[in-house]
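Below: the structure, in structure tokens.
Rule-based calculations on the coordinates, nothing more; no lab input. Computed from a prediction, not measured in an experiment: that's the story for all the values here. Every residue, glycine among them, receives a Cβ derived from its backbone with ideal geometry; neighbour counts consider all protein chains shown.
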Ligand SMILES: Nc1ncnc2c1ncn2[C@@H]1O[C@H](COP(=O)(O)OP(=O)(O)OP(=O)(O)O)[C@@H](O)[C@H]1O
Ligand SMILES: [Mg+2]
């Protein structure tokens, strides 16, 4: 605890870096997964290919990716961009499937109705499909967020400063407190990030919170029970006389 | 207005619509009716290019629709579907405002237009800020109609718009549509598999048979009275004789005088025969059997026949009345007389059918 308080600014800086390194790939990954997922969803022939490719990507060990990327990208081995790119790759691997699932989750009747009203495909995607995808999409983002926060720690091994550094350093110095602080801060960060995503989802999907039943005034006026004086059309207006519910054969516009 | 020219649509070799040639009149309601899977929806969707014909062409105002950009074509036609057609993430007002917005109208102006339309279809303004899931099925369908009308298109395509609501609301919506149509005079193509709905709404019926064949095209009266083949006869049903009475005007029907009394004077009425109770406005309020003169024991009446409506109504009033005589009322709802079933049959013989 003392160590934590004494090093608070340092720990907070690492936390901030850690957050940045895992959140930015989330945004970049989402931006890349949307078109990829859309293509996979739209074109059946390439769906299998894209989905299995993304699964394969996710199985590449993170350390291996950190080592290979500088070679591919021509970046220095210790640069933060390697980590960002690696995590973006993982995010894409996770999210492409979410995007496909999310698009599948949209009611086809709604999509058809939008087309029938004269939406062109691009506008329809952004104004109809995308908003309706949000719940499934956020579920995917929450998984990716946790995954990024945990994998980012490995970045410390290749010298990128973040909370993972507390593990390597604590291990090196055989200093338990530092490791525990690292673990706790990672957990707190993951929880806060998850909370942020949940709040974001709620803000972006107001229609899911307002369900019917909040007030009971939404039934149409209609003939009550025992409507034996049939009205052939229009609202069956029934006046009741007395407590015995005797129908008063009021005027009923009877039509053929 | 809308013309099908030898239109065929096949899915994997199976015809969904077979060689359809049909002229849909301007300003009238044309109903596509037929059993499930006979190609009604497919035909409807070829009008706004949601489905492209395999062969033949569809013309709107003499122009082949395939030559027009799909999105613009669709915005020039209102489309109402069975259910789930509303955008769940948009409020009622924004749903109704959709097509004007797509056409480039400013948001405020489009919402203003949407507010007017809610009134037109009989929805309270405060529903405007609800989401579709917060509405009853009947209200949702009204919103669907309002949305289809928003850009004031000359053509309305309606695919079983009322089939997911209960019979009472359904009848309401049908009457509402007829009322609207009186002012709007749109060209409406309406799909249903319910022959009753078809005869109530249709100026013309197109009866589809399995295999996507157009079996008969004519007025409801023609279809009910003179089905062209076994298929149409079977489809319009066994009670088509009774149903076709709706085309017989009941003018000249013999009415019998009714023994009536208000509830407070029932005790003074003669004890023999059925007594029809009336309310203060002179409207029917229940039947008292012979010998029974306690107003609290009155029997609920049958359906009512309004003077000037059809023989179907008259016969139904007679058949559904506990006393065996139907109650006829005038336009103000006052008891005008009684109808004996035999009087209806007599009237029918005089008509010669
Ligand atoms: N996209 C499609 N792919 C393959 N077959 C189809 C497709 N759409 C329709 N069909 C087939 O075409 C035929 C006509 O379908 P359609 O939807 O037009 O029938 P319908 O008359 O509207 O029936 P319902 O009353 O059940 O709505 C059916 O046999 C259906 O299975
Ligand atoms: Mg259909």
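Quick check: residue separation of residue B:183 and residue B:72 times 0.36 nm, minus the Cα distance between them. What number comes out in nm?
37.4 nm
Here the calculated FRET efficiency for residue A:172 and residue A:199, from their Cβ-Cβ distance with R0 = 45 Å, stands at 0.75, rounded to the nearest 0.05. Paramagnetic label reach from residue B:319 (point 7 Å along Cα→Cβ; backbone nitrogen cut-off under 15 Å): within the range B:234-272, residues B:237-248. At q = 0.15 Å⁻¹ the log10 of I(q)/I(0) for the range A:1-65 amounts to -0.68, computed by Debye summation with a single uniform scatterer per C-alpha, solvent ignored.
In whole angstrom, the protein assembly as shown maps to an equivalent ellipsoid with semi-axes of 67, 32, 18, each derived as √(5λ) from the alpha carbon gyration tensor and ordered largest first.
From least to most packed, judged by other beta carbons within 10 angstrom and beginning with the fewest, B:193, A:44 follow the order A:44, B:193. Nearest 10 degrees, 0 to 90: what angle lies between the long axis of helix B:107-120 and the longest principal axis of chain B (Cα atoms)? Tilt relative to chain B: about 30 degrees. The C-alpha atoms of chain B define a longest principal axis, and helix B:311-320 lies at about 50 degrees to it. The mean number of partner chain beta-carbon atoms within 10 angstrom of a residue's beta-carbon across peptide A:128-135 is 2. A Förster distance of 60 Å, applied to the separation of the beta-carbon atoms of residue B:109 and residue A:187, puts the FRET efficiency at 0.70.
Look at the stretch A:118-126: the mean tally of other chain Cβ atoms within 10 Å of its residues' Cβ atoms is 4. By the count of neighbouring beta-carbon atoms within 10 Å, fewest first, A:38, B:79, A:58, A:119 end up ordered A:58, A:38, A:119, B:79. Calculated over chain B, the projected area of the Cα convex hull averaged across directions stands at 21.3 nm². Taking every DSSP helix (H) stretch of at least 4 residues in the protein assembly as shown, weighting each as -39,500 (n - 2.57) and dividing the sum by the residue count yields a mean residue ellipticity at 222 nm of -14500 deg cm²/dmol. Approximating the spin labels as points 7 Å out from Cα along Cα→Cβ, the residue A:58-to-residue B:239 distance works out to 5.8 nm.
Between residue A:31 and residue A:7, the C-beta separation translates, for a Förster distance of 30 Å, into a calculated FRET efficiency of about 0.25. Among B:98, B:54, B:41, the residue with the largest mean-square fluctuation in a Gaussian network model of chain B, with springs joining Cα atoms closer than 10 Å, is B:54. Look at the alpha carbon pairs under 8 Å that are at least 6 residues apart: their mean separation over the length of the range B:1-74 gives a relative contact order of 37 percent. Within the range A:56-78, name every residue whose backbone N is under 14 Å away from a label modeled 7 Å from Cα of residue A:157 along the Cβ vector. Answer for the range A:56-78: A:60-69.
Helix B:341-351 and the longest principal axis of the Cα set of chain B meet at an angle near 60°. Taking label points 7 Å from Cα along the Cα-to-Cβ direction, residue B:254 and residue B:12 give a separation of 6.4 nm. Placing one equal scatterer on every Cα of the range B:1-127 and applying the Debye formula, the log10 ratio I(q)/I(0) at q = 0.09, 0.20, 0.22, 0.23 Å⁻¹ is -0.34, -1.16, -1.26, -1.32. May I ask you to list the residues of the range A:5-33 whose amide nitrogen lies under 14 Å from a point 7 Å from Cα along the Cα→beta-carbon direction of residue A:75? Counting backbone N atoms under 14 Å from the label point, the list is A:20-26, A:28-29. Placing pseudo-labels 7 Å out from each Cα toward the beta carbon at residue B:28 and residue A:16 gives an inter-label distance of 7.7 nm.
A straight line joining the Cα centroids of the range B:34-88 and the range B:135-172 runs 17 Å. Arranged by the count of other C-beta atoms within 10 angstrom, fewest first, what order do A:169, B:294 take? In order of increasing Cβ crowding within 10 Å: B:294, A:169.
Counted over chain B, the DSSP beta bridges are approximately 55% antiparallel.
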